[in-house]
Amino acid sequence: MYRLGIDVGGTNTDAVIMEGQHVLSGVKASTSEDVTTGVIEALEGAVSKAGIDRSKIGTVMIGTTHFTNAVIERKHISHVAAIRLGLPATSSLPPLVDWPDDLAEAVGHHTYLVRGGYEFDGRAIAPLDEEELVRIAQDIRAKNVKAAAITCVFSPINSEMEKRAKAVIEKHCPGLPVVISGDIGRIGLLERESAAIMNASLLPLAAKTVDAFGKALAEAGLSCPFFITQNDGTLMAAATVRSFPVLTFASGPTNSMRGAAFLTGRKEAIVVDIGGTTSDVGALHHGFPRQAATIVDVGGVRTNFRMPDVFSIGLGGGSLVRELAGGEVTVGPQSVGYRIAKEALVFGGSTLTTTDVVVALGKASVGDASKVAHLDRALAEKAHAKIVSMLENSVERSRVSADPIPVIAVGGGSILMPDRLGDLEVIRPENFAVANAVGAAIAQISGEVDRVFALENGLTREACLKQAEQEATDRALSAGAIADTIQVIEREDVPLAYLPGNATRIHVKVVGEMGGYHG
């Protein structure tokens, strides 16, 4: 059976066909407004190039930037009822307090504070005010709000009030999607609340996007299940995306990093994914992206759900190169982007780009080199030195030790990367231009547990770790992982001295190969 990996980016939709560990074909197509057209074009191109029988495609894995772009561009976002359980505490900082004005406007400013919530030790701040929740439900119906997000103070310690509030809202607003913060974020009230609100605002878009993917695959004659890549480099079922679209944030760079690890066989490396406009830089640890340990900013909002530790710089194959008065040369952040095939000098255009610079210096063979033969050598060398400096600085920012570690260059713009970067080896693997689609195609199923355990009544730390590991394994199995391929890739426990009962927070994550889907 074959696997089809698709990565839907803002500019290009990439598709690869894989058989076992081998990439049979890789194709790029333009991303379309309706999603479906671009996916079908890339899919058909990959199937045709590989020369395979499409009925033998067993699974399809799709990576998408749709939901991240919606937040960044403030488009396709729905109104949300943001309900916080915490009065009489927390009233000084209401929901959406630190959101950018335009994004807060997009989700509708429907905020509600309700009596309830917990102290850090699990004691109730106040009993849950269910009568107020019924009044809120009436207001939601009157305003025709499309979704609700419920956040309870210290719900990672005790989730009962969030679950009860969800039941009340669902009873009085039949069919309304309701998100509870404990399913998404971690300890940290405002960040967890923001993640839940953001997730709720994307639910209608998630349903529309998942339907579009299903329609595209059906039109292409595929009846196999499809999965969406999430931001830790693993897969989730299409039905899960309908409930948790925020878990796809940053899945594009993550797919590129997983693809880079697969194509090179390296488990520890710095990956630089160079596109037309930006370069995404991150570190691989055990073959997976290193996760961010701090608060993550998404579209100007502080959140605390899991995200890879990836950052972007304004350097790509289409970045503009300019010479200022005095001889100084600048590179980016402006770019011709997807118009590079028309506007760059080597393609017959009139705009000087980074691609023109590396072709003029004989470091890459793209387009027509004669069209940059007139380029001033000193200017080209200054621009190239600037490009190398930007790449060196970004790689150094991702290093956590002085040990030499390889740099893997992927993406269509990776012709900008020199053969060595300072003292570091640079690897540019075969199929580097479609590494993101390869990363989607080889993605594994994961299971994760992150919660607080109380070490009491004879319960030991080892027993809690084992219980968490079993819960994570069960989640991976129910999502379609093969039992004998499951392995633990993250395990940590943090004693919480301020909680009673000798409490500890345990985080366990397992991954396994794709098997039969049971969801």
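I want the antiparallel fraction of DSSP beta bridges within the chain, as a percent rounded to 5. So the antiparallel bridges amount to about 65 percent of the total.
With all projection directions averaged, the alpha carbon convex hull of region 428-519 covers 8.5 nm². The share of Cα pairs per 5 Å bin across region 33-128, counted from zero up to the longest distance, runs 2, 10, 13, 12, 10, 9, 9, 8, 7, 7, 6, 4, 2, 0 percent. Along region 106-121 the Karplus relation, 6.51 cos²θ - 1.76 cosθ + 1.60 evaluated at θ = phi - 60°, assigns HN-Hα couplings of 5, 8, x, 6, 8, 10, 9, 10, 10, 5, x, x, 10, 6, 4, 9 Hz to successive residues, with x for each Gly and Pro.
Set against the 2.2 N^0.38 Å expectation for a compact globular protein, region 142-211 has a Cα radius of gyration ratio of 1.12. Cβ-Cβ distance of LEU324 and LYS143, R₀ of 45 Å, FRET efficiency by 1/(1 + (r/R0)^6): the value works out to about 0.30. Pairs LYS28/LYS146; LYS28/LYS56; LYS267/LYS363; LYS49/LYS215; LYS363/LYS509: which exceed 31 Å Cα-Cα? Flagged as over cut-off: LYS28/LYS146; LYS363/LYS509. When only alpha carbons are used to place a centre, region 63-110 and region 369-422 end up 39 Å from one another.
Any idea what the relative contact order of region 378-496 is, in percent, if you count C-alpha pairs under 8 Å spaced at least 6 apart?
Computed value for region 378-496: 18 percent relative contact order.
Protection proxy ranking for 196-205, 249-258, using the average of other Cβ atoms within 10 Å per residue and placing the highest first: 249-258, 196-205. Which residue, VAL114, ILE270, GLY63, has the largest displacement toward the positive end of the dipole of the chain when charges sit on each Cβ (Lys, Arg +1; Asp, Glu -1)? Result: GLY63. Over region 1-120, Cα pairs under 8 Å with separation of 6+ residues give a relative contact order of 22 percent.
Restriction of the trypsin sites (Lys or Arg not before Pro) in region 62-126 to DSSP coil positions whose beta-carbon has at most 11 other beta-carbons within 10 angstrom yields LYS75, ARG123.
According to the square roots a ≥ b ≥ c of the eigenvalues of the Cα gyration tensor, what is the shape class of region 75-215, taking rounded for a/c under 1.5, prolate for a/b larger than b/c otherwise, and oblate for the remainder? Verdict is prolate for region 75-215.
Within the accessible area of the chain, what % is carbon and sulfur when the probe is 1.4 Å and the other protein chains stay in place?
50 percent
Taking the convex hull of the alpha carbon positions in region 237-335 and averaging its projected area over all directions gives 8.8 nm². In loop segments of region 300-347 as defined by DSSP, the GluC sites (Glu not before Pro) with at most 10 further C-beta atoms inside 10 Å of their C-beta are GLU328. The orientation-averaged shadow of the Cα convex hull for the chain, equal to a quarter of the hull surface, comes to 26.6 nm².
Each peptide in 365-372, 226-233, 425-432, 105-112 receives the mean, over its residues, of other Cβ atoms within 10 Å, and ordering these scores from highest gives 226-233, 105-112, 425-432, 365-372.
DSSP H helices in the chain with Cα extent of 30 Å or more along the helix axis and mean Kyte-Doolittle hydropathy at least -0.5? Span-like helices in the chain: 377-398. For the peptides 217-224, 411-418, the ranking by mean Cβ contacts within 10 Å, running from highest to lowest, is 411-418, 217-224. Compared with the alpha-carbon gap, the fully stretched path from HIS374 to GLU119 is longer by 84.7 nm at 0.36 nm per residue. Taking all Cα pairs closer than 8 Å and separated by 6 or more residues, the relative contact order of region 291-360 comes to 23 percent.
If you take the square roots of the eigenvalues of the alpha-carbon gyration tensor of region 193-257 and sort them as a ≥ b ≥ c, do you get rounded (a/c under 1.5), prolate (a/b over b/c) or oblate? List each step's numbers first, then the result.
On the way: a/c = 2.53, a/b = 1.37, b/c = 1.85.
Note, shape of region 193-257 comes out oblate.
A convex hull fitted around the alpha carbon atoms of region 277-363 yields 158 Å³ per residue.
The values are calculated or read from the model by the stated rules, or taken from the named source; none is laboratory data. Keep in mind that what you see is a predicted model, and the values were worked out from it rather than measured. Note: ideal-geometry Cβ built from the backbone for every residue, glycine included; neighbour counts use all protein chains shown. The area values use the complete protein model at the heavy-atom level, side chains included, leaving out ligands, DNA and RNA. Shrake-Rupley method; radii C 1.70, N 1.55, O 1.52, S 1.80 Å.
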